[in-house]
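The values are calculated or read from the model by the stated rules, or taken from the named source; none is laboratory data. Computed from a predicted structure; not experimentally measured. So basically every Cβ, Gly included, is an ideal-geometry build from the backbone, and we count neighbours across all protein chains shown. Side chains included, ligands, DNA and RNA excluded: accessible areas come from the protein's heavy atoms. Shrake-Rupley method; radii C 1.70, N 1.55, O 1.52, S 1.80 Å.
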Amino acid sequence: MKRVNKHYNVTGNGNIKKPQGEQESRKKQKLVEIHQALNSDPVDIETLRRAAVSEGGLLTDEIRRKVWPKLLSVNVYDLPAKPGKDARQDHKDFNQVVLDVRRSMRRFPKGMRDDQRGVLQEQLIDIILFILKRNPQLHYYQGYHDIVVTFLLVVGERMAIAMVETLSTHHLRDFMDPTMDSTKHILNYLMPILEQVDPELHDFMQRAEVGTIFALSWLITWYGHVLSDFRHVLRLYDFFLASHPLMAIYFAAVIVLHREKEVKRCDCDMPSIHQLLSQIPQNLPYEELISKAEELLKHYPPTLLEKRAAIQPRKSLTISSFQDFQRARLQQRPDAVLRRQLQERPPAELAAVEDAAAAETSHLVKMAVWGISATLGAAALAVAQTALEWAPEFLLQLF
């Protein structure tokens, strides 16, 4: 490990590692700021956004279950009911969804028993089909399940439905058209970003005619399909939920820029460069790349690049709806107010909501137990650590 000075070390992947005491102090300060932001009226979305983007993101799944809904304007006291059997009946995408979910085993914690994973896979199928049935304008694409499973594992079934439905009608909307044209349009932003930052690298890739298809799975799964460490996936979801909906393509650009020397060492042809870039490294300096991606979007916003990205005139539903989405989330009430409004409902309606919430809590407790009791591989250790962080003493004082 290289010494930078007497205070900081550089880790193997290039991130600066701060002293333990300073890290804990910053973490506690962030927790206080998140607590204050969540209890402001209206909710202080900008502070929550900064917390999600800044180093370390939202820190624990317990905090994500409080902040992610606010970033998507989801009222956790007004969640949809669990899907019924009718969600699966006569749905045109049923077979494809089942096929994709059945082969998504690596997205679940290692060591989880088959029957436990099976329950979650059935919930995953139900969530996807339920959302598609409620929103017939949305079209399923392969990779969508990689996004949905991330929310299922963190927030449970009912909250995942509400959050993914909002995400699907906003951030992911262009991916859910009946054709790939809108998705290709978003991918087309990649090369203009590279041209602005590193014209030489851009020209090298253009001569090789490599295109942008290597980044397709990164973009449409928010990297969930290509990263093996669930912690890294969650860190990026914190970032993307708090950012412009095109941030995933800016992050793709900083990955390519980070690998500039490797790219230029390749033969200048499509197969060589495509093979290199399609295999995403697992030890990326994520905090550094997140900061760079945010800088790129500020310096080269989509409005600056849209003419270069448009092979033919095209309106992005994702981009065009983002300003309204931003304005709406600034008007949210804190959970204490939402809880009070819930308690003012008729007794029968209140009882139904409380029963559903209890069932969801039971699911999340089981998730923690499954993770802790799993075979202690790297992924299982991450799940166990997350489970242990759900209710540390400090958080219990805050929330």
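Annotations
- The C-beta contact set for the range 26-37 (first residue closer than 15 Å to E62 by Cβ, second residue small (G, A, S) and part of a helix (DSSP H, G or I), distance under 7 angstrom, 6+ apart or interchain) comprises K30/A51; I34/A51.
- Every pair of residues 6+ apart whose Cβ atoms lie under 6 Å, when the first sits in the range 160-171 and is open to solvent by less than 10 Å² (accessible area, probe 1.4 Å) while the second is outside any helix (DSSP H, G or I) and of a type in the set (V, I, T): M163/V74
- Among (1) of a type in the set (A, V, I, L, M); (2) buried (at least 19 other Cβ atoms within 10 Å of the Cβ); (3) at pLDDT below 90, the one test that L129 misses: (3)
- Any chance G111 is on the phi > 0 side of the Ramachandran plot, open to solvent by less than 20 Å² (accessible area, probe 1.4 Å) and not aromatic (F, W, Y): no
- Residue under evaluation L216, criteria (1) within 20 Å of R134 (Cα to Cα); (2) free of Cβ contacts under 8 Å to residues at least 60 places away in the same chain, criterion not met: (1)
- Only a single item in (1) free of Cβ contacts under 8 Å to residues at least 60 places away in the same chain; (2) hydrophobic (A, V, I, L, M, F, W, C); (3) surrounded by 17 or more Cβ atoms within 10 Å (Cβ to Cβ) is not met by L99, and it is number (3).
- The set of residues in the range 40-82 being outside any loop (DSSP other than H, G, I, E, B) and open to solvent by 40 Å² or more (accessible area, probe 1.4 Å) consists of E46, R49, R50, E62, K66.
- Checked against (1) outside any helix (DSSP H, G or I); (2) in contact with a Pro (Cβ under 6 Å, 6 or more places away or on another chain), Q142 meets all criteria but (2).
- When the range 215-264 is limited to residues that are outside any loop (DSSP other than H, G, I, E, B), among the aromatic types (F, W, Y) and at pLDDT 95 or above, the one that is farthest from the chain's Cα centre (by Cα) turns out to be Y250.
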